[in-house]
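A.B. asks: Please read through the structure below; I'll follow up with questions.
The values are calculated or read from the model by the stated rules, or taken from the named source; none is laboratory data. Predicted, not measured: the structure shown is a model, and the values here were computed from it. For neighbour counting, all protein chains shown are included, and Cβ atoms are generated from backbone atoms with ideal geometry for every residue, glycine included. Note: accessible area is taken over every heavy atom of the protein model, side chains too, but ligands, DNA and RNA are not part of it. Shrake-Rupley method; radii C 1.70, N 1.55, O 1.52, S 1.80 Å.
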Amino acid sequence: MIDLSGKNAVITGGARGIGRAIGLRLAAQGADVGFSYRGNAEAAQATVADIEALGRTAIAVQADVVKPESAKELIDTALDQLGAIDILVNNAGITRDDLIMRMKPEDWNDVIDTNLSGAFWTIKAATRPMMKARGGRIINITSVSGQAGQIGQTNYSSAKAGLIGLTKATARELGSRNITSNAVAPGFVLTDLTGDLPEELLEEAKARTPLGRFTSLEDVSAAVAFLASDEAAFITGQVLAVDGGLVMM
């Protein structure tokens, strides 16, 4: 069993959905958890309570990682209250789907800023303390949309593809300090983020998936826990697809 005892994790967008599931999984395997949330304080406090019920420390920080200063505040708060950051999971993301010809500039910019730039600012803020500690695990939540592209998701697909490039460049840049950087690419997960997708698109995705079902929150959180663990110490710069075979690279 993966043992994360004595480790501290920071997750962006950790109050709900995939981020919440990751926080609970890492806590169940021994880690203390800090996470950011954008605006839903009630959901954030519920997640804190559920992590504490597992016997772990939990802190929730209201932060919009689109802003470099907010990303730094998240990392600084985690360092102050947890003492160190061993694991960073960049999960915060939004969708603003539309066809290219109808996409508004703000819908393009918001998705790129949140899903890609937000991850960069958080990695930047965590780099110095991880380098000082001579170790760390960075795990970015990308998507099959970033690997294969999706109609009506040029902004989201571009941001998630960019996140793969960020993952690999970070792995090369920080590897000499024993810091690994990997990505997890889920298939379609039924969360608030995918709630607006057309039913026919979801059914088509399920039909095209060799294992015949959607990706579960448990599937994603298990992959993250593995990449955060000592068992994955020699894995870096990789994209782990957790999609039931939907996209095969």
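A.B. asks: Quick check, is residue 184 open to solvent by less than 10 Å² (accessible area, probe 1.4 Å), under 23 Å from residue 86 (Cα atoms), at pLDDT 85 or above and among the β-branched types (Val, Ile, Thr)?
C.D. replies: Taking the combined requirement at face value, the residue satisfies it.
A.B. asks: Also, quick follow-up: Is segment 71-78 home to any residue that is open to solvent by 30 Å² or more (accessible area, probe 1.4 Å), of a type in the set (Val, Ile, Thr) and closer than 22 Å to residue 113 by Cβ?
C.D. replies: Scanning segment 71-78 turns up at least one residue that is open to solvent by 30 Å² or more (accessible area, probe 1.4 Å), of a type in the set (Val, Ile, Thr) and closer than 22 Å to residue 113 by Cβ.
A.B. asks: In addition: Report yes if residue 23 is in a strand (DSSP E or B) and open to solvent by less than 10 Å² (accessible area, probe 1.4 Å), otherwise no.
C.D. replies: Spelling it out, it is not the case that residue 23 is in a strand (DSSP E or B) and open to solvent by less than 10 Å² (accessible area, probe 1.4 Å).
A.B. asks: What is the one condition in (1) assigned to a loop (DSSP other than H, G, I, E, B); (2) within 19 Å of residue 114 (Cα to Cα); (3) not aliphatic (A, V, I, L, M) that residue 213 does not satisfy?
C.D. replies: Only one criterion is unmet by residue 213, namely (2).
A.B. asks: Does segment 91-101 include one or more residues that are more than 29 Å from residue 165 (Cα to Cα), crowded, with 23+ Cβ neighbours inside 10 Å and either in contact (Cβ under 8 Å) with a residue 12 or more places away in the chain or not aromatic (Phe, Trp, Tyr) (or both)?
C.D. replies: no
A.B. asks: Then there's this: Report yes if residue 200 is of a type in the set (Asp, Glu), open to solvent by 20 Å² or more (accessible area, probe 1.4 Å) and at pLDDT below 95, otherwise no.
C.D. replies: Yes, satisfied.
Conditions tested, residue by residue: (1) within 11 Å of residue 89 (Cβ to Cβ); (2) of a type in the set (S, T, N, Q); (3) in contact with an Asp or Glu (Cβ under 7 Å, 6 or more places away or on another chain).
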position	(1), (2), (3)
7	no, no, yes
14	yes, no, no
28	no, no, no
34	yes, no, no
37	no, no, no
47	no, yes, no
59	no, no, no
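A.B. asks: All but one of (1) in a loop (DSSP other than H, G, I, E, B); (2) open to solvent by 30 Å² or more (accessible area, probe 1.4 Å) hold for residue 165; which doesn't?
C.D. replies: Result: residue 165 passes all but (1).
A.B. asks: Surrounded by fewer than 24 Cβ atoms within 10 Å (Cβ to Cβ) and in a helix (DSSP H, G or I) - does that describe any residue in segment 31-40?
C.D. replies: no
A.B. asks: From the list 76, 50, 98, pick out the single residue that is more than 16 Å from the chain's Cα centre (by Cα) and at pLDDT below 95.
C.D. replies: After ruling out the rest, the residue left standing is 98.
A.B. asks: Something else now. Output the number of the condition that residue 2 fails; it satisfies all remaining conditions of (1) assigned to a loop (DSSP other than H, G, I, E, B); (2) β-branched (Val, Ile, Thr); (3) closer than 19 Å to residue 191 by Cα.
C.D. replies: All conditions pass for residue 2, except number (3).
A.B. asks: Residues of segment 229-249 being open to solvent by less than 30 Å² (accessible area, probe 1.4 Å), under 16 Å from the mean Cα position of the chain (by Cα) and either aliphatic (A, V, I, L, M) or under 22 Å from residue 211 (Cα atoms) (or both), which ones?
C.D. replies: 242, 243
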